[in-house]
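Notes for the one structure printed next.
The values are calculated or read from the model by the stated rules, or taken from the named source; none is laboratory data. Here the structure is a predicted model, which is why all the values come from computation and not from measurement. As a convention, Cβ positions derive from the backbone with ideal geometry for all residues, glycine included, and neighbour counts pool all protein chains shown. Side chains included, ligands, DNA and RNA excluded: accessible areas come from the protein's heavy atoms. Shrake-Rupley method; radii C 1.70, N 1.55, O 1.52, S 1.80 Å.
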Amino acid sequence: MRGSAGTVRRQEPIGSGFGMRSTAEEVLRGIDVVGRTAIVTGGYSGIGLETTRALADAGMRVVVPARRPAEAREAVTGLGDRGAGGSVEVAAMDLADLDDVTAFAEAFVESGRRVDAVINGAGIMALSLIH
């Protein structure tokens, strides 16, 4: 990690009490997120799916923007059904298309809903598409 003057700094623990074996449930324990809204990019696969599950189970409304909405809907089916009142919805959005990102953001703002958290969990897997 580089410091402000370009010097290399060692990574050090931040003292949160959490580590590499901490679970999402442990991190959320004691935090009231019921009724709050999160947008989780990449929220239908890998660690993003686990994030979506944990937030919905804790009572959050989770919006998962997805380039492949049908696949995303299938992946998140049943999440949030554990009784805390959380829910998951999928919205079409391709992060590689800035017009699509703008349209998603504008539609979300126009819906009048509040955003309490944004988790940018989407990653780039096919770098050849960028060149």
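The table below gives the values:
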| read-out | value |
| --- | --- |
| Built amide H within the under 5 Å cut-off of ALA92, gap 5+ | ALA66 |
| Residues of the stretch 59-90 with amide N under 20 Å of a point placed 7 Å along Cα→Cβ from VAL109 | 63-66 |
| Top of ALA96, ALA66, ALA38 by mean-square fluctuation, Gaussian network on the chain, Cα under 10 Å | ALA96 |
| Highest-MSF residue in the chain out of ALA84, ALA56, ALA105 [GNM, Cα springs under 10 Å] | ALA105 |
| ³J(HN,Hα) computed for each position of the stretch 68-77 - Karplus, 6.51 cos²θ - 1.76 cosθ + 1.60, integer Hz, glycine/proline x | 10, x, 5, 5, 5, 4, 5, 5, 9, 3 |
| Karplus 3J(HN,Hα) series, Hz, for the stretch 94-109 with 6.51 cos²θ - 1.76 cosθ + 1.60 (x for Gly, Pro) | 10, 4, 7, 10, 4, 5, 5, 4, 4, 4, 4, 4, 4, 5, 5, 4 |
| Other-chain or far-sequence residues with amide H under 5 Å of GLY80's (modelled H) | ASP57 |
| Cα gyration tensor category, rounded, prolate or oblate, for the stretch 76-115 with a/c compared to 1.5 | oblate |
| GLU12 accessible area, 1.4 Å probe, all protein chains in place, Å² to nearest 10 | 130 Å² |
| The chain, helix-only ellipticity at 222 nm - DSSP H runs n ≥ 4, -39,500 (n - 2.57), divided by all residues, nearest 500 | -8500 deg cm²/dmol |
| Computed over the chain, Kirkwood Rh from alpha-carbon pairs, angstrom | 16.4 Å |
| Highest-fluctuation residue, GLY85, GLY17, GLY121 considered, GNM on the chain with Cα pairs under 10 Å | GLY17 |
| Surface per residue (accessible, 1.4 Å probe) for the stretch 32-120, Å² | 55 Å² |
